[in-house]
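Encoded as C-alpha cells, the structure appears first; notes follow it.
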Amino acid sequence: MNELKHVLRLTLIEKKDVATAIFFGFIAGAASVALMGSSGYLISKAALTSHMTTLVVMAACLKLFGFISALSRYGERLYSHRATFTMLSHLRVSFFDRLAPLAPGIFGKYRSGDLLSRIVGDVESLQNFLLRVFYPPVVLGIVFLSTIFFSSFFSMGIAAVMFIGMLLTVIVVPALFSIRKRRTDGKTRAKRGSLAIEATEFLYGFRDLKIHQQLNAKEQQLANDAAQYNESQRKEGLEENLAQSINSLVALLVSFFVLGVGAYFVAAGELNGLYLAMLVMISIAAFENVAPMAAFPAYFEESRKAAVRLEEIVAEPAAPRGTEQLPEGPLDIKLTRASFSYPGEKNAAVDDVSLHLKPGTKTAIVGPSGSGKSTLMQLLLNVFPLDHGQLSIGGIPAEKLQQESIWQKMNVVLQENHFFYGTVRSNLLIADPEASDEKMELALAKVQLELFPLSMAVEEKGQNLSGGQKQRLAIARALLKGKSLWLLDEPVSSVDSLTGQAIYEELFQQGKGDMFVTISHDLAGLEKMDQIIVMENGRIVESGSYQELMERKSYFHQLKQIENSVFA
Ligand SMILES: Nc1ncnc2c1ncn2[C@@H]1O[C@H](COP(=O)(O)OP(=O)(O)OP(=O)(O)O)[C@@H](O)[C@H]1O
C-alpha cells in the first residue's frame, strides 16, 4: 500500500468531491437495500395481514426508495468521476514537475517507447484507483455495517451471519486474490512497455530495417511481443472472472444461510415470520452491491504496479537548481577546469577544460569526431551538471542560476533540432510567439528559405524537409529569438558550402556585437573568428586566433594541411 501513498494524497486533495461521492454511494446502496427490504416486508404483510393502509404506505415507500437510489447513483457517479479526473490532472502535473528536471539524462536510462508507455498508460490506469480500489470497500463497508446494525434489531443471529459474509466478501476473498495476483502476475504492464518499445523502434527504424532486409525479423519480434501481451491480458481476464465467480458464490451462500438461520429462528419462535422475507431480501440486496469487490484485486495490483513504474522514473533526485536570474547587458561565459563523464562511462567526454568566452567575440570549436565538442557545448548550455570544475555566466556560478534564465538569453542551434507537426509558421512561433508574418518571412529570407510559405505543412520531426532545409529552419528560429549569445553546433553541416558561408555572413551581420560559439568540422572561413579552440580526446589541445595557430604550426596547422591536401 506504501507505493500508493502519493496517489492517495493526490486523490484526497479533492476531499469534498470524494466525501460527497461516498455520501451518495452510501445513500444509493442503503436505498437499494431498503427497497428490497420493504418489498420483502410488503410481500409478507400482504400474505399474512389485510391492512390496506400499511400496504399503500409500503408501496409508496418502494417508489420513494427506487427514486432515491437512482438519483443517488447519479450523484455518486458524478462526484466520483469528477474527483478521479481532478486526481489524474494533479498526478500528471506532479509527475511532469518531477520529470522535467531529470531530462535529458532520463533518455539515457529509458527507451522512448517505455517512457511513453509509462507516462501515458500507467498514469491512465491510475484512474481506476479511486473508482475501483479506494472507493468500493469504503462505501460497501458503510452500507454493510448499517444493514447489519438494522438487522440486529430483528435478529442478532442473522446480523452475525451477515457480518461474517461481509468479512468474507469485502475483505477475505479480495485479499486472497490480491495476494495470488501479486505472486502469479505483474508482467502485463512490463509486456505492454516492451510492446511499445518495439513498436516505436519499428516505426523510427522502418527505412533502415527495410534497406537491411530486417523488416520481417522485426515484424516477427513485434508479433511475438503482441502475442505475449495478449496472453497476459487473457490470463488477467480469467483471473478476474474467477474472483468474480467465487465472490458471487460466497454472497449467494450467505443469503442461503440467512434464509436457513432465519427459518430456524422463526420455527424456534425467536423471530417474527413477518420479517423473514425482509431480512432475506436485505441480505440479497446488500450482497448484490459486493460485485465491484471482485475486480478489486486486479485494479489494486494494476494501480500499485503503475505507481511503482512511475515512481521508478522520478525517484532519482534531480540536481538542485538555482533561482538567480541573469542580469541584462553583455555577458561572458567562463569554464574553469571542467570535467564531465556520461553516466556509466569510464572516460571523461570533457576533461579538465578551461575557457573564457568574452562578450562580442566569435569562437570556433574544432577537432576530430568524438573529441567532445558537442558535449562541451551542452556544458556551456548548462544542460548537464559538471562532475568537476565551475561554469559561470555573467560572473554568476551556474548552480546559482535558474536554468531557464540561461536558455532565455541564448540562440541555440544543435546538430539535431526538433520540428513539430504543424506548419512553418507554428514551428517558428516557438522562438517568438509574438512574431509577425513579416518578421518570420524576413528570417526565412536570411537563411535562403524565402520560397517556404509560412503555411507550408511540416510533418512529424520535419520529415518532409531535407537535412539542409531543417538546419536553415532551425537557424531562422534562432534569428527570431534575437538574443545576444549564439551557441551553434555544426549549424550548416548539411548545407552546401556557398549557402553555408552566406548564412554565417548573415548571422554575423545581424549579431554584430553578439557572442558566437560555433562548432565546425569545416576549417574554411575560420579567419573571421577571434578565437579557435582545438579539441582532442575531451581536452583542449590548442587555442588562439587563426593567425596565431597557423604561425605556431602545431595541431591546427596540421589539420589545415590535411584538409588542403584532401581538397587539392
Ligand atoms: N549520450 C551519451 N552517452 C554516452 N556517451 C556519449 C553520449 N554522447 C556522446 N558520448 C560520448 O562522448 C564523447 C564525445 O562526444 P561528442 O558528441 O561530444 O563529440 P563531438 O566532438 O561533438 O563529435 P562529432 O563531431 O562527431 O559530433 C564520444 O566518445 C561519445 O561516444
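The values are calculated or read from the model by the stated rules, or taken from the named source; none is laboratory data. These numbers were taken from a predicted model, which means no experiment stands behind them. In this analysis, Cβ positions are derived from the backbone assuming ideal geometry, glycine residues included, and neighbour counts consider all displayed protein chains.
Descriptive notes on the structure:
- Taken as a whole, the structure leaves Ala243 outside the set of residues that are outside the structural domain of Gly40 (by TED's automatic domain parsing) and at pLDDT below 85.
- Filtered by the rule that a residue be among the basic types (Lys, Arg) and more than 28 Å from Lys362 (Cβ to Cβ), the stretch 322-348 gives a lone residue, Lys346.
- Residue ID - surrounded by the fewest Cβ atoms within 10 Å (Cβ to Cβ), chosen from residues in the stretch 370-381 that are in contact (Cβ under 8 Å) with a residue 40 or more places away in the chain and near the ligand (Cβ under 8 Å from one of its atoms): Ser374
- The stretch 510-533, subset acidic (Asp, Glu) and in contact (Cβ under 8 Å) with a residue 60 or more places away in the chain, residue nearest to Ala478 (Cα to Cα): Asp514
- Output for the stretch 456-493, where each listed residue is part of a helix (DSSP H, G or I) and either within 16 Å of the ligand (Cβ to nearest atom) or of a type in the set (A, V, I, L, M) (or both): Gly467, Gln471, Leu473, Ala474, Ile475, Ala476, Ala478, Leu479, Leu480
- Tabulated pairs, the stretch 207-233, first on the phi > 0 side of the Ramachandran plot and aromatic (Phe, Trp, Tyr), second surrounded by 15 or more Cβ atoms within 10 Å (Cβ to Cβ) and at pLDDT below 90, C-beta under 9 angstrom, 6+ apart or interchain: none
- Of the listed requirements (1) outside any loop (DSSP other than H, G, I, E, B); (2) farther than 20 Å from Pro359 by Cβ, His521 misses just one: (1).
- Hits in the stretch 397-450 (condition: under 14 Å from Leu480 (Cβ atoms) and acidic (Asp, Glu)): Asp432, Glu434, Asp437, Glu438, Glu441
- When Leu310, Leu331 are screened for being buried (at least 16 other Cβ atoms within 10 Å of the Cβ), more than 16 Å from the ligand (Cβ to nearest atom) and assigned to a loop (DSSP other than H, G, I, E, B), only Leu331 passes.
Yes or no, residue by residue, for (1) among the acidic types (Asp, Glu); (2) touching a residue at least 12 places away in the same chain (Cβ under 8 Å); (3) within 16 Å of the ligand (Cβ to nearest atom):
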{"site": "Leu507", "(1), (2), (3)": "no, yes, no"}
{"site": "Met535", "(1), (2), (3)": "no, yes, yes"}
{"site": "Ile540", "(1), (2), (3)": "no, yes, yes"}
{"site": "Glu548", "(1), (2), (3)": "yes, no, no"}
{"site": "Glu551", "(1), (2), (3)": "yes, no, no"}
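- Selection of the stretch 347-361 for residues being part of a strand (DSSP E or B) and within 16 Å of the ligand (Cβ to nearest atom) yields Val350, Asp351, Asp352, Val353, Leu355.
- The residues on offer are Glu288, Glu316, and the sole one that is out of contact with any His (no Cβ under 8 Å at 6 or more places or on another chain), under 30 Å from Ala243 (Cα atoms) and in contact (Cβ under 8 Å) with a residue 12 or more places away in the chain is Glu288.
- Set side by side, the residues Gly113, Gly29 differ, and just one is closer than 30 Å to Lys305 by Cβ and over 35 Å from the mean Cα position of the chain (by Cα), which is Gly29.
- Qualifying residue in the stretch 120-143 (condition: in a helix (DSSP H, G or I), without any contact (Cβ under 8 Å) to a residue 24 or more places away in the chain, among the polar types (S, T, N, Q) and assigned by TED's automatic domain parsing to the domain that holds Tyr299): no
- Residue among Ala435, Ala364, Ala443, Ala431 that is within 16 Å of the ligand (Cβ to nearest atom), among the aliphatic types (A, V, I, L, M) and either crowded, with 21+ Cβ neighbours inside 10 Å or not in a strand (DSSP E or B) (or both): Ala364
This table checks each residue for (1) in contact with a Leu (Cβ under 8 Å, 6 or more places away or on another chain); (2) of a type in the set (Ser, Thr, Tyr).
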position: Asp522; (1), (2): no, no
position: Glu527; (1), (2): no, no
position: Ile532; (1), (2): yes, no
position: Asn537; (1), (2): no, no
position: Val541; (1), (2): no, no
position: Tyr546; (1), (2): yes, yes
position: Glu551; (1), (2): no, no
position: Gln558; (1), (2): no, no
position: Ser565; (1), (2): no, yes
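- Residue list for the stretch 520-549, restricted to those being within 21 Å of Ser497 (Cα to Cα) and hydroxyl-bearing (Ser, Thr, Tyr): Ser520, Tyr546
- Where helices (runs of 4 or more DSSP H) fall entirely within the stretch 170-213, those with at least 2 residues that are modelled with pLDDT under 85 are at 173-184, 188-204.
- Residue check, Ala457 outside the structural domain of Ile519 (by TED's automatic domain parsing), surrounded by fewer than 18 Cβ atoms within 10 Å (Cβ to Cβ), of a type in the set (A, V, I, L, M) and touching a residue at least 24 places away in the same chain (Cβ under 8 Å): yes
- Against the criterion of being buried (at least 22 other Cβ atoms within 10 Å of the Cβ) and either over 22 Å from Asp514 (Cα atoms) or in contact with a helix residue (DSSP H, G or I) (Cβ under 8 Å, 6 or more places away or on another chain) (or both), Asn464 does not qualify.
- For the stretch 459-476, a residue qualifies if it is under 20 Å from Leu487 (Cβ atoms) and hydrophobic (A, V, I, L, M, F, W, C), and the qualifying residues are Leu473, Ala474, Ile475, Ala476.
- Residue match in the stretch 57-73 (condition: surrounded by 15 or more Cβ atoms within 10 Å (Cβ to Cβ), within 37 Å of the chain's Cα centre (by Cα) and modelled with pLDDT of 80 or more): yes
- Within the stretch 249-275, the set of residues being more than 30 Å from Lys45 (Cβ to Cβ) and touching a helix residue (DSSP H, G or I) at 6+ places or on another chain (Cβ under 8 Å) comprises just one member, Val250.
- Filtered residues of the stretch 484-524 (kept if touching a Lys or Arg at 6+ places or on another chain (Cβ under 7 Å) and acidic (Asp, Glu)): Glu506
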